[in-house]
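Here the structure is laid out as structure tokens; the discussion comes afterwards.
The values are calculated or read from the model by the stated rules, or taken from the named source; none is laboratory data. None of these values were measured; they are calculated from a predicted model. In this analysis, Cβ positions are derived from the backbone assuming ideal geometry, glycine residues included, and neighbour counts consider all displayed protein chains. SASA here: full protein model, heavy atoms, side chains in, ligands and nucleic acids out. Shrake-Rupley method; radii C 1.70, N 1.55, O 1.52, S 1.80 Å.
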Amino acid sequence: MTYLPGLILALAAFWFALSGETAPLFLMLGALSMLLTLWLVARLKIIDRDASPYHHAPNILVYGGWLLVEIVKANLAVIRRILGPTHAIDPVMVNVTTTARTNLGKALFANSITLTPGTVTVDVDGDRLKVHALVRETSTAQSFAPMDRKAASAADGRES
């Protein structure tokens, strides 16, 4: 239950950002819906570090900046492959093992792969991810290691 205050603040900020309402009736309905949500997650006993990862926000924001740069670089690489004279696309399925310990870290890594053009996470089974990639020669399990280390560091709080 130590994560409850952060979850309350995050839910309130999220509700206000989506609604933008300041009328008393809407504020009361927002507070009521937030209390109902908190009651449900407390009954389900799912309030833990992964349910309220607000304490990882600075690390995840830094990771998001790094990921944005990687997405741009991957976009340019895919465009060069598609528009290039040889259309050098050779799809492959790669099995990647993640070092992330938490579900948040695994989800962050899998979603980062999918957000990066030219790669899609097809399946996650424990610590193993199955990834579809457009280019065989640059898509090995080792090529995903830097992203894995950075995602695990951002989500699990470990040094990269």
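Taken over region 1-33, the residue count meeting the criterion of being of a type in the set (A, V, I, L, M), open to solvent by 70 Å² or more (accessible area, probe 1.4 Å) and within 22 Å of Lys45 (Cα to Cα) is 3. Return the residue satisfying two criteria in turn: it lies in region 67-94 and is charged (D, E, K, R) and over 24 Å from the mean Cα position of the chain (by Cα), and of such residues it is surrounded by the most Cβ atoms within 10 Å (Cβ to Cβ). Among residues in region 67-94 that are charged (D, E, K, R) and over 24 Å from the mean Cα position of the chain (by Cα), the one surrounded by the most Cβ atoms within 10 Å (Cβ to Cβ) is Arg81. All conditions in (1) open to solvent by 40 Å² or more (accessible area, probe 1.4 Å); (2) in a helix (DSSP H, G or I); (3) of a type outside the set (Val, Ile, Thr); (4) without any contact (Cβ under 8 Å) to a residue 40 or more places away in the chain hold for Ala145, with the sole exception of (1). Output the residue which, of all residues in region 106-141 that are assigned to a loop (DSSP other than H, G, I, E, B) and charged (D, E, K, R), is nearest to the chain's Cα centre (by Cα). Filtering first and then ranking leaves Asp127. The numbered conditions (1) surrounded by 20 or more Cβ atoms within 10 Å (Cβ to Cβ); (2) touching a Phe, Trp or Tyr at 6+ places or on another chain (Cβ under 9 Å) are all true for Ser139 except (2).
Looking at (1) touching a residue at least 60 places away in the same chain (Cβ under 8 Å); (2) surrounded by 16 or more Cβ atoms within 10 Å (Cβ to Cβ); (3) among the aliphatic types (A, V, I, L, M), find the lone condition where Leu104 falls short. With (1) touching a residue at least 60 places away in the same chain (Cβ under 8 Å); (2) surrounded by 16 or more Cβ atoms within 10 Å (Cβ to Cβ); (3) among the aliphatic types (A, V, I, L, M) applied to Leu104, the lone miss is (1). Screening Ala107, Ala151, Ala100 for residues that are of a type in the set (A, V, I, L, M), touching a Leu at 6+ places or on another chain (Cβ under 6 Å) and closer than 30 Å to Ile46 by Cβ leaves exactly one candidate, Ala151.
Among residues of region 71-91 that are farther than 13 Å from Ser139 by Cα and at pLDDT 85 or above, those with a beta-carbon under 6 Å from a residue that is outside any helix (DSSP H, G or I) and open to solvent by 60 Å² or more (accessible area, probe 1.4 Å) at least six positions away or on a different chain give the pairs Arg81/Ile89.
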